[in-house]
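Taking it in order: structure first as structure tokens, then the write-up.
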Amino acid sequence: ARTLATFSNAVAQVWAHVLRAGSAIRAGDKSRGEAATAAVEQGALAAGMKLTSAAARFRLAELRGDDSLLATASAEMTKLGIRVPRKMTALLFPIGER
């Protein structure tokens with residue numbers, strides 16, 4: 001994450017935030033994880049990374065227990081051609097699940 005953050009490329013910045021958010025969530029730091037996930041969502045939107053943005057909203061919904069946001073993020077991912085949004089989120093936005 002530190003190395004990616006040194007690049008002045010919007011996509012690299014998004015992936016740096018993804019790694020930080022996943023690490024915070026894995027460590028059980030919900031507030032830091034939520035803030036980093038929100039940064040992923042905003043950065044991905046700005047960079048035109050629709051799928052990554054939707055995956056970030058999916059993670060935010062999980063963190064917040066927000067069923068409405070989860071349904072919206074899932075629908076958006078389905079619209080982008082993803083059959084199983086939960087699996088794609090796990091691939092794009094890993095949090096160390098087993």
Carbon and sulfur %, accessible surface of the chain computed with the full protein complex present, 1.4 Å: 56
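If we sort 53-62, 82-91 on the protection proxy, mean other Cβ atoms within 10 Å, highest first, what's the order? Before the final figure, lay out the partial values.
Numbers: 53-62: 24.3, 82-91: 15.3.
Ranking, from highest mean packing down: 53-62, 82-91.
Ignoring ligands, DNA and RNA, what accessible area per residue does the range 19-98 give at 1.4 Å, in Å²? Show your work: numbers first, answer last.
Values: 4510 Å² over 80 residues.
Here the per-residue accessible area is 56 Å².
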Could you pull out which residues in the range 37-57 have an amide N less than 17 Å from a spot 7 Å beyond the Cα of residue 26, following the Cα-Cβ vector? 37
Net charge over other residues, Cβ less than 15 angstrom from the Cβ of residue 45 (K, R count +1; D, E count -1): +1
Subtracting the Cα-Cα distance of residue 7 and residue 84 from 0.36 nm times their residue separation yields 24.5 nm
Is any helix in the chain, taking whole DSSP H runs, at least 20 angstrom long along its axis by alpha carbon and on average at least -0.5 on the Kyte-Doolittle scale, and which ones? 10-26, 30-47, 50-64
Relative contact order [Cα under 8 Å, 6+ residues apart], the range 50-96, whole percent: 44
Given contacts defined as C-alpha pairs under 8 Å and at least six residues apart, what's the relative contact order of the chain, whole-number percent? 24
Over the Cα atoms of the chain, what radius of gyration and what Dmax do you get, in Å? 12.5, 36
Given the C-alpha centroids of the range 1-74 and the range 75-98, what is the distance between them in whole angstrom? 13
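The values are calculated or read from the model by the stated rules, or taken from the named source; none is laboratory data. Note that this is a predicted model, so its numbers are computed, not measured. Cβ sites come from the backbone with ideal geometry, for glycine too, and all protein chains shown count toward neighbours. For the accessible areas, the whole protein counts, side chains as well, though only heavy atoms, and no ligand, DNA or RNA atoms are used. Shrake-Rupley method; radii C 1.70, N 1.55, O 1.52, S 1.80 Å.
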